[in-house]
Amino acid sequence: MSETVTSTSERAIPAQPGLLLRLNLATTTIRNARSFREIGPIIPMMKIPLAWKNLTYDPRRLLVSVSGIAFAVVLMFQQRGFQHALFDSTVEIVRELDCDLVLLRPTRFALSVETRFDRNLLDVVASQRGVVSAEPLYVENLGARLRRENQKARPIRVLAFNLDRSLLLDRNGEFAPQLRLLERPATALMDRLSRSDYGFEFGSPSSFPQTGELNGRELQIVGSFTSGRDFAHTGNLIMSEANFANYFAQRGSSPLQQVDLGLVKVKPSDDLEEIQQRLIATIGNDVSVLTKAELIEREIALWDRSTPIGVIFTVGTLMGFVVGVIICYQVLATAIADHLSEFATLKAMGYSDGYFVRLTIQQSVYLAGLGFLPGAILSWLLFQFNASFTALPMAMTFDRLMVVLLATLAMCIISGILALRKLFAADPASLF
Amino acid sequence: MNAESSDQQLSELLATWPADSTPLSVDVDHVNHFYGVGEMRKQVLFDNVLKIRPGEIVIMTGPSGSGKTTLLTLIGTLRSVQEGSLKVLGQELLGISATATTELRKRIGFIFQAHNLFASLTAFQNVRMATELLGIPDEKANPRIEATLKRLGLGARIHYRPKALSGGQKQRVAVARGLIHEPGLILADEPTAALDAESGREVVTIFQELAKEQQCTIVIVTHDNRILDVADRIVSMVDGRIVSNVLIRRNTLLSQFLTQLDLFKVLNTTILSKIADKFDLRKFATGSEIIKQGDAGTEFFVIGAGNVAIEIDGRQVNTLGHGSFFGEVALIRDQPRNATVRALTPVSCFVLEKDDFQSVIQSSSSFEEELRKAIFTRQ
């Protein structure tokens, strides 16, 4: 024993003047760590990105995690997508109308409800200051049945207006070249997104005209346009006022006297709201005056609240959210469980709970971001597929992207907070 | 043993012998600890008392379940103190707040049996987790981390992840992480268990340097006999009690010093190390009276360094130097001091209490004989 002591002390002592700890530092500065602590915060440092490193260390696990989050993102997008599509589809026709204000009977609580008002009112409106035009739009839902040879007759929505006053925005440039064709008797344009059950072909312009029967009378489909179906309508036709009057004798002796919607354009320079108020004051309670946006909003609100659709898709979206929370929690909790002793070591070293909160939230945000990106791209592709398959307008707008992004963030952060409890349980006393 | 090395040892002994006034690094004062609650409550530590001074290397041994790990976790703030008082680096741990705990932990270095390195971080980054926490700026921390890892034989693997390191290399990274921020206290659990002899030795050499240069206190729980020689103090525990607490290094050095003296040569190693433990070091300034003629004799002195004058009735009769002893006559004969002893230079004396001195005489007849011979010669 005594020999060992001698030999090591002899060896150790001359070795002292300092290889290691003196090597790079003046002894005066290292005497205590407190002096560093004072300097510390002044000098900005690139901290080790532990959250990111831990997350990306195992690429296979990361892939699985990200796929899980992406799956939840897709679920949410799909649910929201269909919900929006269904709502959008019901108002698609309104969006295509080239007008500022819409007149309709207050009892027409949904567009598909057929209550009408007298055409003379439009003349009154047209004479008002600031109003450029007030045109009638005729819509027939229940009373219109289209059939092709050897097919069943199916209900279809028919829209009609004065061909001289185009009431359509014509965003695709489809109507302008075709409207002239509608001047001929017994002609109509058909929505190419109408259900294929009708039996008409929309492959190429050369496939027209095609002959069918509307309410038992021959009708030539002379062209097509693109609008879309919704809950209540499986297809659309557009024709001239004159043809409309011929086909729908049930509307009375002068079928064009009763108007479904009145479309009002105002001078672009004038205040729309002021004109709206003035029109309401002029025509009283018999007919409502709504802006296009108000009508869209009212229509969507109706479907959202008075049908189970809103609930169904909200539940669907929530399911996606919950699935996401579970997946994300699993990922984060496993990540914590696998590194429990490392985290406990950090605790022993003096890392505070706050550090672990930040670490976990950071990981949550990274996961949200990593999962959202592929999820959104995949959803966009699915939207394209759905749109072509169902003819529903599946639109991924910026707002909708943001909503799902926020939901994804919330989803991951909630999981992170749940997983934190595991981290707080890491007991450094168990390390010894 | 050559003269030079024995001088060196003596000077180390005198230099490292702590003054009583030095503040303690670790002060375990009547600590009891219990696990479980209610009927399951079981006491695991019984009235532990342990005082450790800055710069001491303490090795704790004991069978498993003896409570040494519990005591280590208590000292390390990883467990709450239940009964008694425990001060670490001047901070009382009984009833300490969470914030103060976190702050105190930053001044402690932990080396666990398992390396606990983040697989996702390189050796360098794992060590940097410690310097980042303290906010040590990169330009200071980075070179130090590199130097330490190099020193530990990881020079070529500084930027490797743990997966690419052997068990021993990982443990050395963990060691580097535990001491890189130059803590005031290092708590290590079997730090050399996973290491080969060479790197194990390197680790304890670093410990010794830290202890010497930074006055860092190091507490090691180990069963590794290869490193026992670095211990200043060996504490052994059985069934929750500290059964022995020996300043081993001091005693070894002191025994070696004493063995060279004719008086103590006759003692066997066991007795020698037993009495070495009882010695105290006392320092006297030039001119001061060490003992005074006529006083009751209570202590026995061995001169470690310096010279003294023996004065009888105010007249100097003799001088004594390094290795001489005095004060024995009064103890043997139970008489008052027959002379005054005055320091001629700064003097360091090893001092033994009367009772301890007498027990040595009783335990060895040859010691008594040698003592009488010495007294006789002197007269």
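The values are calculated or read from the model by the stated rules, or taken from the named source; none is laboratory data. Owing to the predicted nature of the structure, the values given are computational and were not obtained by experimental measurement. Ideal geometry is used to build each Cβ from the backbone, glycine not excepted, and the neighbour counts take in all protein chains shown.
Observations, loosely collected:
- In segment B:205-247, the residues that are β-branched (Val, Ile, Thr), outside any strand (DSSP E or B) and at the interface with chain A (Cβ under 9 Å from one of its Cβ atoms): B:Thr205, B:Ile206, B:Val230
- Any hit, segment B:78-85, residues being of a type in the set (A, V, I, L, M) and under 16 Å from the mean Cα position of the chain (by Cα): no
- Filter pass, A:Arg148 being among the charged types (D, E, K, R), within 34 Å of the chain's Cα centre (by Cα) and surrounded by 15 or more Cβ atoms within 10 Å (Cβ to Cβ): no
- The set of residues from segment A:386-432 being exposed (fewer than 15 other Cβ atoms within 10 Å of the Cβ) and touching a strand residue (DSSP E or B) at 6+ places or on another chain (Cβ under 9 Å) is empty.
Rundown of residues vs (1) of a type in the set (Lys, Arg); (2) touching an Asp or Glu at 6+ places or on another chain (Cβ under 9 Å), yes/no style:
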| residue | (1), (2) |
| --- | --- |
| A:Gly223 | no, yes |
| A:Ser227 | no, yes |
| A:Phe231 | no, no |
| A:Arg251 | yes, yes |
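- Qualifying residue in segment B:2-25 (condition: crowded, with 21+ Cβ neighbours inside 10 Å and in a strand (DSSP E or B)): no
Residues are listed down the side, and each one gets a yes or a no for (1) closer than 28 Å to B:Gly135 by Cβ; (2) within 12 Å of chain A (Cβ to nearest Cβ):
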{"position": "B:Gln8", "(1), (2)": "no, yes"}
{"position": "B:Gly65", "(1), (2)": "no, no"}
{"position": "B:Leu72", "(1), (2)": "yes, yes"}
{"position": "B:Ile75", "(1), (2)": "yes, yes"}
{"position": "B:Gln91", "(1), (2)": "yes, no"}
{"position": "B:Thr99", "(1), (2)": "yes, yes"}
{"position": "B:Arg105", "(1), (2)": "yes, yes"}
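- Any hit, segment B:119-128, residues being under 23 Å from B:Val31 (Cβ atoms), surrounded by 20 or more Cβ atoms within 10 Å (Cβ to Cβ), at the interface with chain A (Cβ under 9 Å from one of its Cβ atoms) and not basic (Lys, Arg): no
- Residues satisfying the stated conditions in segment B:130-139, i.e. surrounded by 20 or more Cβ atoms within 10 Å (Cβ to Cβ) and over 30 Å from the mean Cα position of the chain (by Cα): B:Glu132
- Considering segment A:55-107, and only residues there that are crowded, with 22+ Cβ neighbours inside 10 Å and polar (S, T, N, Q), the residue that is farthest from A:Ala160 (Cα to Cα) turns out to be A:Ser65.
- Failed criterion for B:Ile136 (all others in (1) in contact (Cβ under 8 Å) with a residue 24 or more places away in the chain; (2) more than 28 Å from B:Thr70 (Cβ to Cβ); (3) not in a loop (DSSP other than H, G, I, E, B) hold): (3)
- Considering residues of segment A:344-369 that are surrounded by 21 or more Cβ atoms within 10 Å (Cβ to Cβ) and more than 30 Å from B:Ile186 (Cβ to Cβ) only, the residue farthest from the other protein chains (Cβ to nearest Cβ): A:Ala368
- Of all residues making up segment B:268-307, the number that are in a strand (DSSP E or B), aliphatic (A, V, I, L, M) and under 19 Å from B:Ser11 (Cβ atoms): 4
- Residue match in segment B:140-163 (condition: within 8 Å of chain A (Cβ to nearest Cβ), part of a loop (DSSP other than H, G, I, E, B) and surrounded by 21 or more Cβ atoms within 10 Å (Cβ to Cβ)): no
- Residues of segment B:33-79 classified as surrounded by 15 or more Cβ atoms within 10 Å (Cβ to Cβ) and small (Gly, Ala, Ser), total: 5
- Among (1) crowded, with 16+ Cβ neighbours inside 10 Å; (2) within 26 Å of A:Glu174 (Cα to Cα), the one test that A:Ile275 misses: (2)
- Residue ID - modelled with the lowest pLDDT, chosen from residues in segment B:216-242 that are more than 11 Å from the chain's Cα centre (by Cα) and polar (S, T, N, Q): B:Asn225
- Of residues in segment B:81-107 being touching a helix residue (DSSP H, G or I) at 6+ places or on another chain (Cβ under 8 Å) and either within 14 Å of B:Leu185 (Cβ to Cβ) or among the polar types (S, T, N, Q) (or both), the one surrounded by the most Cβ atoms within 10 Å (Cβ to Cβ): B:Val88
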